[in-house]
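To keep things clear, I will list the structure first and then write my remarks on it.
Quick note: the coordinates plus some simple rules give every number you see, no bench work behind them. Just so we're clear, the structure is a prediction, and the values are computed from it rather than from any experiment. Heads up, the Cβs are rebuilt from the backbone with ideal geometry, glycines too, and the neighbour counts pull from every protein chain shown.
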Ligand SMILES: Nc1ncnc2c1ncn2[C@@H]1O[C@H](COP(=O)(O)OP(=O)(O)OP(=O)(O)O)[C@@H](O)[C@H]1O
Ligand SMILES: [Mg+2]
């Protein structure tokens, strides 16, 4: 139907759902991908995001994942708002509407706010993945573009095109984040698959140049997690998390929860100068410490007020 | 589901038309995909046309890619062809049962159910992919990438729930009258083919059509059965280690 190279719909375009009758006014393009285009849209006074797909089946498969997650996690408002078709200039476009997720891709966020945020973001990301795993899904396509970070390191995932039922073949992935590409394991969806990709995400976000350089120069038969660990070892920002990254890259976390707990422990250990190695606090950890002191302060104030 | 994936870098020059051969394959229920690999320069206009035509006749798709993108492309074409085959079959059912042209005409709630079924079928149906590798002289510098693409495809197939297997052929064969030669019989765990590829004697002719037809026959003969006899796939897989017991299946 439409391809990303095909032209975008101008702001102000109105989609009218053929089956459910809802109207969406497209405000601006949020992103383009292999499977479609995503627009910021308004439905009456409500703001949402609308993904217009190329293939009905692909789009519906994504909507199915979102619907099943909404089913599972009833305590929060639903993410998927509508699934429908619209007709524009005599052509039919399948689309779905979802919550608008404010924020920017992890890499952009760290560039703007500083690498010291990666401790918090990393923890939140693992928690989010753990929820997904507990609902029976593996996210599959963990990468910077699909992890949106908003104020104070809040994390949301977008693009469920790679989401795969645990035990099946991962539906969609990005080569350099893929465990199979690095000869570090299978392409079968299990929690450790996502945790591996999270490790690569941090290397990509904080040492992108050397990572890409490595993928260009390394012969396929030499791809191995040890190559990634080597990058970590020689990068001052990543180094404090070396033991976590090592375990993630070698598939030694069974669950994202477990990975999250360990991540948390490292973040805290590094924030306490006494327990930190050689009593030295790396810059980003110090930042985190300041933040947590601030948080404790706030907590104390709230406690007093009560 | 049966697929042939032809990996080549140019035009055929011997024997019957590869386009007709691909059409025959498709008629027998085998989809033909083509990856044209080029690094510097191009396949030439004629080569490009032939590649596209073979795929069209074979009910599949074609891509012209650099060696760097070969693994990704092979993986993607295989997956999309599986989905395409399932979608076609399901849509046909829908036509017969409900009189609608395709799943896209169903209301979203029904659509959700049908797509779920499609996904289950895509994941679980048995799949056979025969790779047919052009081993003419110009392909030599690209064989490492081809080998990697095969390993990578194996990884994706192993991750499926359904039974999957690949077989590998190269063409032309070693003898003057062989269109192609079997390198690896049906296996669910292809590993490095370095040992095979290292020994290839690259020749000038490119009998794409006859080679395709030979692979079609191979599907018929083996019914896609994975060989489990002691000396078969396992020894083939470990071939690199013991330096070359070759299954001398010459076609
Ligand atoms: N709910 C949302 N809220 C805000 N932005 C979004 C939302 N969904 C998607 N986006 C933006 O649109 C971009 C493209 O969307 P998405 O990744 O779903 O498309 P895709 O075609 O599946 O892409 P890909 O090629 O990565 O598979 C995202 O990277 C993100 O920046
Ligand atoms: Mg995306």
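Taking every alpha-carbon pair under 8 Å whose residues sit at least 6 apart, region A:3-98 reaches a relative contact order of 24 percent. Highest-first packing order for the peptide set B:68-75, A:143-150 is A:143-150, B:68-75, based on the mean count of other beta carbon atoms within 10 Å.
Normalising the Debye intensity of region B:2-240 to I(0), with uniform scatterers on Cα atoms only, and taking log10 at q = 0.10, 0.14, 0.16, 0.18 Å⁻¹ returns -0.47, -0.88, -1.12, -1.37.
Legend: mean number of C-beta atoms from other chains within 10 angstrom of residue C-beta atoms, peptide A:175-188, equals 3. The alpha carbon centroids of region A:159-186 and region A:198-220 are separated by 17 Å.
Averaged over peptide B:157-165, the number of partner chain Cβ atoms lying within 10 Å of each residue's Cβ comes to 3.
Taking a ≥ b ≥ c as the square roots of the eigenvalues of the Cα gyration tensor, region A:104-273 is classed as rounded, since a/c falls below 1.5. State whether the protein assembly as shown is rounded, prolate or oblate according to the following rule on the C-alpha gyration tensor (a ≥ b ≥ c being the square roots of its eigenvalues): a/c under 1.5 gives rounded; otherwise a/b larger than b/c gives prolate, and the remaining case gives oblate. Oblate is the answer for the protein assembly as shown, as a/c is 1.5 or above yet b/c matches or exceeds a/b.
The share of C-alpha pairs in chain A whose separation exceeds 27 Å stands at 47 percent.
Each part gets one Cα centre, and for region A:9-59 versus region B:148-209 those centres are 45 Å apart.
Look at where the Cα atoms of region B:1-63 and of region B:79-108 average out, and the two centres are 26 Å apart.
Among rounded, prolate and oblate, which fits region A:1-112 when a ≥ b ≥ c are the square roots of the eigenvalues of its C-alpha gyration tensor, a/c under 1.5 means rounded, and a/b larger than b/c means prolate? Rounded, since a/c falls under 1.5. Among A:95, B:171, A:79, B:218, sorting on how many other beta-carbon atoms sit within 10 Å of each Cβ, with the fewest leading, yields A:79, B:218, A:95, B:171. Taking every alpha-carbon pair under 8 Å whose residues sit at least 6 apart, chain A reaches a relative contact order of 12 percent. Taken along the Cα-to-beta-carbon direction at a fixed 7 Å, the label points for residue A:134 and residue A:29 span 3.9 nm. Per residue of peptide B:76-87, the mean number of Cβ atoms on other chains within 10 Å of the residue Cβ is 1.
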